[in-house]
Amino acid sequence: MNVGDICNREVVFVNRDVTVHAACRLMRHYHVGSLVVVDTATDDPSPRVKHVPVGILTDRDIVVEVDAMELDARVITVGDIMSDDLVVAPESLSLAEAVDLMRFKGVRRLPVVNADSRLSGIVTIDDVLVVLAEALSNIAHVVSREPRKEAIARR
């Protein structure tokens, strides 16, 4: 299984020149705690717009950098406060490699990019936990059925 299989393809993203206030409204509207910050390639000849991830903005960034400092969210831009040491994952990255990458880099979210470096999804630690919990549940069902199967076979 790879991150392309489990990532959320409905990514809420924003350009870095958007105000923090507008970003907050997007977060509230879409019920998300983070936005992927993208640059949009205008010189790309492809018919699809190329959104290249360049940063991430979290609700924590807003609290720590804007609210706690009593700054005006209508003036400060996403680019002013976003985390720009972004870690991205190719769609082909295995789930195990993604977990290792998240742990090593200390991140909870990985924007997922396709072979053209276009934003194609996002995978979060919550997504990983759901997949792993489902796998563990399936293993538990195997273990619980084994004694019953053996009892029937030995009659």
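The values are calculated or read from the model by the stated rules, or taken from the named source; none is laboratory data. Predicted model, so just to flag it, every value in this text is computed and none were measured. Cβ atoms come from the backbone with ideal geometry, glycine included; neighbour counts cover every protein chain shown. Accessible surface is based on the protein model in full, side chains and every heavy atom, while ligands, DNA and RNA are left aside. Shrake-Rupley method; radii C 1.70, N 1.55, O 1.52, S 1.80 Å.
Among the residues of segment 68-79, are any part of a helix (DSSP H, G or I), farther than 17 Å from residue 11 by Cβ, among the basic types (Lys, Arg) and modelled with pLDDT of 95 or more? Step through it out loud before you land on a result.
We begin by selecting, within segment 68-79, every residue part of a helix (DSSP H, G or I); these are 78-79.
Filter once more, so that each one left must be farther than 17 Å from residue 11 by Cβ: 79.
Now drop any that are not among the basic types (Lys, Arg), which leaves none.
So far as segment 68-79 goes, no, none of its residues is part of a helix (DSSP H, G or I), farther than 17 Å from residue 11 by Cβ, among the basic types (Lys, Arg) and modelled with pLDDT of 95 or more.
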Tabulated pairs, segment 1-30, first of a type in the set (Ser, Thr, Tyr), second outside any helix (DSSP H, G or I) and surrounded by 15 or more Cβ atoms within 10 Å (Cβ to Cβ), C-beta under 8 angstrom, 6+ apart or interchain: 19/73; 19/76; 19/77; 30/12
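Any idea which of 65, 97 is touching a residue at least 12 places away in the same chain (Cβ under 8 Å) and either among the aromatic types (Phe, Trp, Tyr) or open to solvent by 30 Å² or more (accessible area, probe 1.4 Å) (or both)? Can you show your working first?
Values: 97 fails: touching a residue at least 12 places away in the same chain (Cβ under 8 Å).
Result: 65 is the single residue among 65, 97 that is touching a residue at least 12 places away in the same chain (Cβ under 8 Å) and either among the aromatic types (Phe, Trp, Tyr) or open to solvent by 30 Å² or more (accessible area, probe 1.4 Å) (or both).
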Odd one out for residue 30 among (1) open to solvent by less than 70 Å² (accessible area, probe 1.4 Å); (2) within 24 Å of residue 123 (Cβ to Cβ); (3) at pLDDT 95 or above: (1)
Failed item, numbered, when residue 143 is tested on (1) of a type in the set (Val, Ile, Thr); (2) open to solvent by 80 Å² or more (accessible area, probe 1.4 Å); (3) part of a strand (DSSP E or B): (3)
